[in-house]
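One structure is given here, and the rest of the page talks about it.
The values are calculated or read from the model by the stated rules, or taken from the named source; none is laboratory data. Only a predicted model underlies this, so the values are computations on that prediction, with no experimental measurement involved. When we count neighbours, we look across all protein chains shown, and the Cβ atoms used for this are built from the backbone with ideal geometry, even at glycine.
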Ligand SMILES: [Zn+2]
């Protein structure tokens, strides 16, 4: 019933109204964002928090080399509860889920050392998409990761006010063309960079961002995504 109200086929305005009414009845955090049941005042009930930690834990810190000098790690497969929470954050504006997802970062694996001068950043979102969604999920996820890691976080990438489409429905070649020349460095970069994103699919977005960060001077780059999707086109 609560889920129906929050996630029904309403527009943004009606959904916001539904959330406002629910927030009056149940204080924020009283409804679990994972299962929709009454929670204990936190965004996830204890059962969902346990599930989030355990689902796909066998693939935690999954590693891939996107190109020479561009290692990418993913915390979980793009499946089950981790996927659901990312979609809720992204499309339903549930900002509180960034903190929940960022818990998946700890413990850091022994093979990964991040120097303390590392700056965390995110894939800058097109302005019109941010207006449409009302939330910059990439920034929220990067900021949550930075808090978890005790590292600074700031915007290092500018994004041309582009006409790029969302990457989700494009094949690999179209993804490359869609993002050509879109990103540029926001400052001179003389420190290691941790680029955080929600999902790793083909890695095209991360590679284009890495190009721009290198233009700015970066030579020590690591990509970290919350989930990894298997690309099947
Ligand atoms: Zn729950």
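Within region 141-171, being out of contact with any strand residue (DSSP E or B) (no Cβ under 6 Å at 6 or more places or on another chain) and over 23 Å from residue 202 (Cβ atoms) holds for 144, 147, 148, 149, 150, 154, 155, 161.
For residue 141, the requirement of being surrounded by 12 or more Cβ atoms within 10 Å (Cβ to Cβ) and part of a loop (DSSP other than H, G, I, E, B) is not met. Going through (1) at negative phi; (2) modelled with pLDDT of 90 or more; (3) within 14 Å of the ligand (Cβ to nearest atom) one by one, residue 80 falls short only on (1).
So that you can scan it fast, the table gives a plain yes or no per residue for (1) at pLDDT 90 or above; (2) on the phi > 0 side of the Ramachandran plot; (3) assigned to a helix (DSSP H, G or I):
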site	(1), (2), (3)
10	no, no, no
17	no, no, yes
21	no, no, yes
28	no, no, no
33	yes, no, no
41	no, yes, no
48	yes, no, yes
52	yes, no, yes
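For region 75-92, the criterion of being surrounded by fewer than 17 Cβ atoms within 10 Å (Cβ to Cβ) and part of a strand (DSSP E or B) is satisfied by no residue at all. Residue count for region 97-134, restricted to those that are surrounded by fewer than 19 Cβ atoms within 10 Å (Cβ to Cβ) and within 12 Å of the chain's Cα centre (by Cα): 2.
Can you find a residue that is out of contact with any helix residue (DSSP H, G or I) (no Cβ under 8 Å at 6 or more places or on another chain), modelled with pLDDT of 95 or more, more than 13 Å from residue 123 (Cβ to Cβ) and assigned to a loop (DSSP other than H, G, I, E, B) anywhere in region 177-189? Checked region 177-189: at least one residue is out of contact with any helix residue (DSSP H, G or I) (no Cβ under 8 Å at 6 or more places or on another chain), modelled with pLDDT of 95 or more, more than 13 Å from residue 123 (Cβ to Cβ) and assigned to a loop (DSSP other than H, G, I, E, B). Pairs linking a residue in region 36-47 that is under 13 Å from residue 100 (Cα atoms) to a residue that is more than 9 Å from the ligand (Cβ to nearest atom) and outside any loop (DSSP other than H, G, I, E, B), with Cβ atoms under 7 Å and 6 or more positions apart or on different chains, are 43/97; 43/100; 44/52; 44/100. Among the residues of this structure, residue 160 does not count as one that is over 15 Å from residue 120 (Cα atoms) and crowded, with 18+ Cβ neighbours inside 10 Å. Looking across region 40-73, the residues that are loosely packed, with under 15 Cβ neighbours inside 10 Å and within 13 Å of the ligand (Cβ to nearest atom) come down to 40, 41, 46, 47, 50.
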